[in-house]
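The structure under discussion appears below in the form of structure tokens.
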Amino acid sequence: MFPDTRDVLFTLAAAGLFGGVLTYYLSPDRHAATVISESLYAAVASNGVALTDALKLDTNPIYIPVDTASEVHLYVPDRSEYRIPEEPSVPGFTEDDYSGLVLTPTGRGLFQEFECILPSDLPTAPEPLAVALSEGLVEGLELAGRADPEVDVATGRATIGISDGLFGPLVQFDHPIASFLGIGFAIGLDRPVVLTVASGSDRTEWLVTCRWETDA
């Protein structure tokens, strides 16, 4: 219909096709992001395991809020019966009654990014806090495909079922998703939080449980 413009149209079509091919091959998809994130975190997890094994430390991490806003330290004690360090320094190894390793948690930067996208202040009650953190993982930071919280206020426990998460298995040392939840509960509740991770069931891949002392 437009013979004078045919060459121009073919040229534009070829350019569009070439651009589409480049976009397909050069744009990172979620699979590529997953591979990269898992490979980067693997070194952190490996070093953490090597440290805790060499020092014969307990495997359950404890997230301790400090005076500075949005600051939490990761404490790994060397015994099942422990005391929370009063003034832990990062990085460091405490002694005597507070014997254990103190580190900067992996999820620190993730939680700071989460705070920037929060529409309001971080909730301080366990149930809305669990909902906010779960939504932050899925919708805000896009670190997991699903996060289902269950909270028992009376016993001081929150369990979040995680599915389709980044960074590989959540049982690894200070996994970013688990670390983010431990930090979030420690800051929101303003008290130390003990974190455990277990395999899930048919409904969910992983169960991240945060425990804290209640006021009762």
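The values are calculated or read from the model by the stated rules, or taken from the named source; none is laboratory data. Everything quoted here is computed from the prediction, not taken from an experiment. Don't worry about glycine lacking a Cβ; one is built from the backbone with ideal geometry, like all the others, and counts go over all protein chains shown. Remember, those area values only see protein heavy atoms, side chains included, never the ligands or the DNA or RNA. Shrake-Rupley method; radii C 1.70, N 1.55, O 1.52, S 1.80 Å.
Things to note:
- Take GLU142: with every protein chain present and a 1.4 Å probe, its accessible area is about 120 Å².
- Put simply, the convex hull of the Cα atoms in the range 152-216 casts, on average, a shadow of 4.5 nm².
- Among the trypsin sites (Lys or Arg not before Pro) within the range 132-216, those in coil by DSSP and having at most 10 neighbouring Cβ atoms inside 10 Å are ARG203.
- Taking amide hydrogens as placed 1.01 Å from N in the peptide plane, the amide H of GLY145 sits under 5 Å from those of SER163, ASP164, GLY165, each at least 5 positions away in sequence or on another chain.
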